[in-house]
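*Asks:* Submitted below is the structure of interest, expressed as structure tokens.
The values are calculated or read from the model by the stated rules, or taken from the named source; none is laboratory data. Source: prediction; values computed, not measured. Cβ: placed from backbone, ideal geometry, glycine included. Neighbour counts: every protein chain shown.
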Amino acid sequence: MDLSTVTRIIPARTRSDLIALGPTVVPLAGGSELFADPRAHLRALVDLQTLGWPALTITEDGLEIAATCTLAELSRLPMQAGWAAHPLFYQCCTALFGSFKVWNVATVGGNLATSLPAGPMITLAVALDAELLVWRGDGSDEVVPARQFVTGNMTNALAANDVLRSIRVPLTSLQATTAYRKIALSPLGRSGAVLAGRVDADGVFVLTVTAATLRPVQLRYSELPAADVLAGDIAAIDCWFTDAHGAADWRRAMGLLLGEEIRAELAASTDVASQS
Amino acid sequence: MTLEQAAMVATVTFEVNGTRVEATPAAGQCLRTLLREQEHFEVKKGCDTGDCGACTVQVDGTPVHSCIYPAYRAAGKQITTAAGLGQPGNLAPVQQRFVDSAGFQCGFCTPGMVVTAAAIEADADTEPGAVPRLHDLPRLLKGNLCRCTGYRSITDAITGQHTPPEGSCHVVPGREQSDASMLGRVRATGRAGQAVGPVGTSSGAIAGERVVSGLEPYTLDVAIPGLLHLAVLGSPHAHARIRSLDSTRAAALPGVHRVLTHADSPATLFSTARHESRFDDPDDTLVFDATLRFRGQRVAAVVADSVAIAEAACRLLEVEYELLDAVFDPQLAGAPGAPLVHGDKDPVVSRLADPRRNLVAELHGEYGNVEAGLAEATTIVSGSWQTQRISHTHLETHATIGWLDQSRLNLRTSSQVPFLVQKEICRLFDLEPADVRVFTARVGGGFGGKQELLTEDLVTLAVLKTGRPVQYEFTRTDELTIAPVRHPMTLDVTLGATADGRLTALKLGVLADTGAYGNHAPGVMFHGTSESVALYHVPNKQVNAQSVYTNNPPSGAFRGYGLGQIIFAIECALDELARKLHVDPFELRRLNSVRPGDPLVVTHEEGPDLIFGSYGLDQCLDLAEAALKRGNGAVVPAGPPWRVGTGMASSMIATTPPRGHRSQASVQLLAGGRYLVRVGTTEFGNGTTTVHAQIAATALHTTVDRIDLVHSDTDAAGYDSGAFGSAGVVVAGKAVLAAATALAETLSSAAASRSGSADVTWQLERDGLRAAGTVVSLDELASWATANDIDLTATRREDGALRSLAFNVHAFRVAVNTDTGEVRILQSIQTADAGFVMNPEQCRGQIEGGVAQALGTALFEEVLLDGAGAVTTRVLRNYHVPQLVDLPVTEVYFAQSHDVLGPYGAKSMSESTYNPVAPALANAVRDAIGIRPTELPMSRDRIWRLLHG
């Protein structure tokens, strides 16, 4: 929709251009979220696309995803040797309510920064224990673990003049075995629960619960837990919520159901891996 | 400097469909608005949030939703719209397939749909011409919403296949026709396309090639010089009085032409609901009211150079409110001491049952003796049901453009009822009918939502006050928050029967929440309790129904007009009864449904205007039962949580609204030898223009390509009550048939006069008339008539005084996942008693579309309130309209019947298709899981809670 109060677009060329950011001036990446909600308080947008950040950079330590990388680019992430977690990237893209046409513009950083419970890039980043590089408004850099970035329904660790620069996925996570589950009130509807599980080479098991909870919840174990242990921990999660995409009691039940499915799937696949 | 000028960014240059464009977009403008400013009206505005896909364009070959794409990023890009893919006479293959498959009804979603389909095709990793990634179509099309078709025909269009009406599983490879031995009553429908067009064939939509290329104009697809825009300040309170309103700052904003408030409002009370008789609805509404009765109700409006300025000025309005107590629970609305929503109204003047009890309308009546009937029963079932608020979600929102032509008011509006709007605008603003023209372009969907006067009054006021052309367009959020929704109802049903399955008593209680205004409240309540109850031959019946005011957003007309809600409860109760009696549910209907000769009874015998003009319910029951028994080979999902069940439900509907529905049509032979049909009714995806052309072509022994149509314009056509109550074929169509038949006789006489020999009979043919080996062409006859000052026009009226009955039966086989609450439809069957089927493919489309909308109601959709009158589902991503993946292919079977009233024996078949679906699904879910769902929608969380809560 038209953001009729916006009178300026500031194409950022260098980090110093971000100084314009503030309560009425916000960063623009793909625009798919920004242009989908009336925001009468806005006066200007700072375009991050003009910074020209490379979308995907493979490093020795893993993968660096620019905040401005689109979901379309991420969904086509080339497979690298040993990246057992590769399917999770595409799977998380499919959890976006927006169509493949929205993938063409929506960005990984925009999805994280919007911080909706159903944001699937949050699932991806938390599930892979990504670290988020934040450019603070005072010129400093800060690395925030993904699991600490989103603090609630549409709230996060960013101040008004901060910018999310990139998402760094460690190689250990890329090489981990993953499992993914999503459910909504309709087959491809806006997510009611999105869960992702990961087993690292050292046996560490991490379950990430999103979309059903007001903020992402991560459960971490040194090895695959027994079913009742995992169920007990999921049941103890305290931030299930109700909206048009599902009632809290159902979401909790789906968390339990899908969490156990993930545990069972990873138990089977790591079993096979250890046998072969 | 105005707000707009300040917001401009630099001039950008880009290409649209190969043509270079230079423009200066506003900084925060989206690409959709920029393209429409360039008069690329093929780019539609459906949701404004990237959810519906109607605005899809390709940017350098990449498809995007242009409503969420910043306009300034168009710089240097090549943009392709639907009109750039192909144009009439030179369509792209994918566009042609949408025409051939009847892959649209209203067509508002279609330009975005074909641009998306073309992109998918271009990106297909298959052989050229092969099916483009069919398995992935649900994901690829999830961002393209169609409210009309149910997607089967769209899937066929994209993939180039043709799914026969009985479903692909019943097709013997290499043969697409029905299996006559198995489906003797089924009419093979063939597919749409370039058929010559007599009734009974699947003629393609008249506007097809323009629709698929985006060149068929809708309401706002027109450039008007000097157009002003209107924005509304909505009430932040559910019940309040305006204590003061200061518009000084708003009026002073550059670009503002006028602020309109309750001081400008006519004092005449009216209803936004429109009917043939204006006395059908209570007069309880003002253009602007100093009392605000729901959140979002108009407080004031600003007319300005742009929407942006008008909205900015609305934010500058200073309003002081006096808050009033509010009532939100319809159960409490009638209680002593409850806040009164319209306590100020005179019950006689406003036609309200009792405004001191928030009561708009009520019906209490008994036929026979229900207590005695229940005493006689060996089995009694009783239950309570609840239905929800539904948003019509026609993809074209409500909108009007108004202007003065000399001193004459013109309203171009998105309405199902232009003639009724004209009448009421004249009454409100004290104008003569000759001074007001109301017309529509093609209307982008309605479903009852446009049987309301929601934008025309405000535009009229703005035009009269400013003298300038003014546009008012609802946003999608307006549609979800202030446009009337389907009446939510609480329903209580008690049934009694003897051991052999004969009904002895039927008792119905209805409480409808009509919200803050009574538009359609009496009609929905009375109609809802009518054919639903009259369908069953029961000696003892009792109805207690009330429709009450609350401070919730208003309810209004919705496809089915109350029947859907009440049929849901009665058909579920009947299913429960069948279970208790151990009688098959089809058999229970056969035992108790009315048959020709039976009285039609609600609380008394219906008047003589309602007759069995034909009867196909018995066939509908047989066809549905046979199809369900036959199955369709669908694989039941594996695993312990899945349970399978079947269910069915019936419905009946009168083919015409009660108390008169009038239409006048004329048919004229024009110079050049073409026929012109003038008829007042509106095309909004219901297909009436196609059927009217077929009727005229048939009566005049010609083909549809000789027929031109002018419709839905108070200047250009005779009076028509409007396109509601499924009257487009049975009333307006009948008028067209009468006029065309009369013209055929006139032409024969004219040919005789022209030849000078009165004793020869001239027979009409495709291009002329023939007698004794001599042919006079239509062109020659028209020229002769012009030369001799003879007008070759015939005009006829139809008053809808007699009404017939149509029937639909739906059946489902479902699998329910007891762990998640998911309902998966394995087989969906609808059988329809449509009388003679005028256009099989189109009628099938109406049925599929009705089923689709009903499945949205049954499974997904709900306008949610916070308990204090505020809607929380304000955008489409929070209000789930069915996507392609959500809907099964429904098997469609027609009964063979021939109605004595309808043209060529046809009956209405638009609203009625919606009504039996939700109860059939609920009954199937009950069969699967052993627990009866009683609330709509049967969402996964609700089904899960039935099992685990």
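*Asks:* If you check B:GLY518 against the conditions, is it outside any helix (DSSP H, G or I) and in the same structural domain as B:THR550 (by TED's automatic domain parsing)?
*Replies:* yes
*Asks:* Okay, moving on. Identify all residues within the stretch B:342-384 that are buried (at least 17 other Cβ atoms within 10 Å of the Cβ) and touching an Asp or Glu at 6+ places or on another chain (Cβ under 9 Å); write none if there are none.
*Replies:* B:HIS342, B:LYS345, B:SER350, B:ARG351, B:LEU352, B:ALA353, B:PRO355, B:VAL360, B:GLU362, B:TYR367, B:VAL381
*Asks:* Which of (1) within 14 Å of another protein chain (Cβ to nearest Cβ); (2) in contact with a Ser or Thr (Cβ under 9 Å, 6 or more places away or on another chain) does B:ALA928 not meet, given it meets every other one?
*Replies:* (1) is the only condition that B:ALA928 fails.
*Asks:* Where the second residue is in a loop (DSSP other than H, G, I, E, B) and the first is farther than 22 Å from A:ASP17 by Cβ and lies in the stretch A:48-62, which pairs have Cβ atoms under 7 Å and are six or more apart or on separate chains?
*Replies:* Listed pairs, sorted by first residue: A:LEU56/A:CYS69; A:LEU56/A:LEU77; A:ILE58/A:GLN80.
*Asks:* Give the residues of the stretch B:899-908 that are out of contact with any strand residue (DSSP E or B) (no Cβ under 8 Å at 6 or more places or on another chain) and part of a loop (DSSP other than H, G, I, E, B), sorted by residue number. Explain how you work it out, then say what you get.
*Replies:* Keep residues of the stretch B:899-908 that are out of contact with any strand residue (DSSP E or B) (no Cβ under 8 Å at 6 or more places or on another chain), which gives B:900, B:903-904.
Scanning the stretch B:899-908 gives a single hit, B:VAL900.
*Asks:* All but one of (1) over 16 Å from the mean Cα position of the chain (by Cα); (2) more than 14 Å from chain A (Cβ to nearest Cβ); (3) assigned to a helix (DSSP H, G or I) hold for B:ARG844; state the number of the condition that does not hold.
*Replies:* With respect to (1) over 16 Å from the mean Cα position of the chain (by Cα); (2) more than 14 Å from chain A (Cβ to nearest Cβ); (3) assigned to a helix (DSSP H, G or I), B:ARG844 is out only on (1).
*Asks:* Then there's this: Look at B:ARG877 and say whether it is within 14 Å of chain A (Cβ to nearest Cβ), among the basic types (Lys, Arg), outside any strand (DSSP E or B) and on the phi < 0 side of the Ramachandran plot.
*Replies:* So B:ARG877 passes the test.
*Asks:* Hey, can you tell me all the residues within the stretch A:1-47 that are in contact (Cβ under 8 Å) with a residue 40 or more places away in the chain, part of a loop (DSSP other than H, G, I, E, B) and buried (at least 18 other Cβ atoms within 10 Å of the Cβ)?
*Replies:* A:LEU3, A:LEU21, A:ALA29, A:GLY30, A:GLY31, A:SER32, A:GLU33
*Asks:* Can you find even one residue in the stretch B:77-88 that is part of a loop (DSSP other than H, G, I, E, B) and crowded, with 24+ Cβ neighbours inside 10 Å? Give the steps one after another, and end with the answer.
*Replies:* Going through the stretch B:77-88, the residues part of a loop (DSSP other than H, G, I, E, B) turn out to be B:77, B:81, B:86, B:88.
Pick out the ones that are also crowded, with 24+ Cβ neighbours inside 10 Å and you get B:81.
Yes: the stretch B:77-88 contains one or more residues that are part of a loop (DSSP other than H, G, I, E, B) and crowded, with 24+ Cβ neighbours inside 10 Å.
*Asks:* Kindly check whether there is at least one residue in the stretch B:496-514 that is in a helix (DSSP H, G or I), surrounded by 24 or more Cβ atoms within 10 Å (Cβ to Cβ) and not assigned by TED's automatic domain parsing to the domain that holds B:LYS45.
*Replies:* There is no residue in the stretch B:496-514 that is in a helix (DSSP H, G or I), surrounded by 24 or more Cβ atoms within 10 Å (Cβ to Cβ) and not assigned by TED's automatic domain parsing to the domain that holds B:LYS45.
*Asks:* Does the stretch B:59-67 contain any residue that is part of a helix (DSSP H, G or I), in contact (Cβ under 8 Å) with a residue 24 or more places away in the chain and in contact with a helix residue (DSSP H, G or I) (Cβ under 8 Å, 6 or more places away or on another chain)?
*Replies:* Yes, the stretch B:59-67 contains at least one residue that is part of a helix (DSSP H, G or I), in contact (Cβ under 8 Å) with a residue 24 or more places away in the chain and in contact with a helix residue (DSSP H, G or I) (Cβ under 8 Å, 6 or more places away or on another chain).
For every residue, the table says whether it meets (1) within 20 Å of B:PHE807 (Cα to Cα); (2) outside any helix (DSSP H, G or I); (3) over 23 Å from the mean Cα position of the chain (by Cα).
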site	(1), (2), (3)
B:GLU848	yes, no, no
B:THR873	no, yes, no
B:GLU891	yes, yes, no
B:SER897	yes, yes, yes
B:SER910	yes, yes, no
B:LEU921	yes, no, no
B:ARG945	no, no, yes
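*Asks:* I need the helices (runs of 4 or more DSSP H) fully contained in the stretch B:272-365, keeping only those with at least 3 residues that are touching a strand residue (DSSP E or B) at 6+ places or on another chain (Cβ under 7 Å) and within 14 Å of chain A (Cβ to nearest Cβ). Can you show your working first?
*Replies:* Values: elements: B:307-316, B:330-333, B:347-350.
Counting at least 3 such residues, we get B:307-316.
*Asks:* Among the residues of the stretch B:527-538, is there at least one that is in a strand (DSSP E or B) and in the same structural domain as B:LEU374 (by TED's automatic domain parsing)? It would help to see each step written out before you state the result.
*Replies:* The first filter runs over the stretch B:527-538 and keeps only residues in a strand (DSSP E or B), leaving B:536.
Narrowing further to those that are in the same structural domain as B:LEU374 (by TED's automatic domain parsing): B:536.
Scanning the stretch B:527-538, I find at least one residue that is in a strand (DSSP E or B) and in the same structural domain as B:LEU374 (by TED's automatic domain parsing), so the answer is yes.
*Asks:* Of the conditions (1) surrounded by fewer than 24 Cβ atoms within 10 Å (Cβ to Cβ); (2) aromatic (Phe, Trp, Tyr); (3) closer than 30 Å to B:HIS237 by Cα, B:TYR904 clears all except one; give me its number.
*Replies:* With (1) surrounded by fewer than 24 Cβ atoms within 10 Å (Cβ to Cβ); (2) aromatic (Phe, Trp, Tyr); (3) closer than 30 Å to B:HIS237 by Cα applied to B:TYR904, the lone miss is (3).
*Asks:* For the stretch A:90-107, which positions are touching a Leu at 6+ places or on another chain (Cβ under 6 Å) and in contact (Cβ under 8 Å) with a residue 40 or more places away in the chain?
*Replies:* Matches in the stretch A:90-107: A:CYS92, A:ALA106.
*Asks:* Among (1) touching a Lys or Arg at 6+ places or on another chain (Cβ under 8 Å); (2) at negative phi; (3) more than 10 Å from every other protein chain (Cβ to nearest Cβ), which single condition is B:HIS65 missing?
*Replies:* (3)
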